[in-house]
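First up is the structure itself, then whatever we jot down about it.
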Amino acid sequence: MTCSICKVGTVKDGRVTITYDREPTLFVMRQVPALVCDTCGTYYLDSDVAERVLLANRAARRKNVQLEITEYAPEEMTQAA
């Protein structure tokens, strides 16, 4: 698949780090599965993966933490939701 942003790169399976910085919480999730462009680095998340990342981000904000760094783990996020 060709990247829809740069129109040059090829999109392949990979892992990315996602960061949300919204006061008071800085949320970082590592090793998130995504399709990643080998030229520009743009990444595309599956809708289920995106939902799990957003749920984990909301949970961190509800806990009112300043910094949360976590690793993507789908089974744990299903239980936390």
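The values are calculated or read from the model by the stated rules, or taken from the named source; none is laboratory data. The model shown is predicted, which means the values in this text are computed figures rather than measured ones. Because the Cβ atoms are built from the backbone with ideal geometry, glycine has one as well, and the counts that use them run over all protein chains shown. For the accessible areas, the whole protein counts, side chains as well, though only heavy atoms, and no ligand, DNA or RNA atoms are used. Shrake-Rupley method; radii C 1.70, N 1.55, O 1.52, S 1.80 Å.
Key figures
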{"quantity": "Solvent-accessible heavy-atom area per residue, rounded to whole Å², over the chain at 1.4 Å", "calculated": "69 Å²"}
{"quantity": "q = 0.27 Å⁻¹: log10 I(q)/I(0) that the Debye formula gives for the chain, counting C-alpha atoms only", "calculated": "-1.21"}
{"quantity": "Note, ³J(HN,Hα) from phi for the range 51-62, Karplus 6.51, -1.76, 1.60, rounded to Hz, x at Gly and Pro", "calculated": "5, 5, 5, 5, 5, 5, 5, 4, 4, 5, 5, 5"}
{"quantity": "Net lengthening on full extension, Ala59/Leu26 (0.36 nm per residue, minus Cα-Cα)", "calculated": "10.7 nm"}
{"quantity": "Calculated from backbone phi, Karplus (6.51, -1.76, 1.60) coupling profile of the range 4-18 in Hz, x at Gly/Pro", "calculated": "7, 8, 8, 6, 10, x, 9, 8, 9, 4, x, 10, 9, 10, 10"}
{"quantity": "Within-10-Å neighbourhood charge of Val36 [Cβ basis; K, R +1; D, E -1]", "calculated": "0"}
{"quantity": "Rounded percent of accessible protein surface that carbon and sulfur make up, the chain, 1.4 Å probe", "calculated": "48 percent"}
{"quantity": "Helix-only CD estimate at 222 nm, as mean residue ellipticity for the chain, using -39500 (n - 2.57) per DSSP H run (n ≥ 4)", "calculated": "-8500 deg cm²/dmol"}
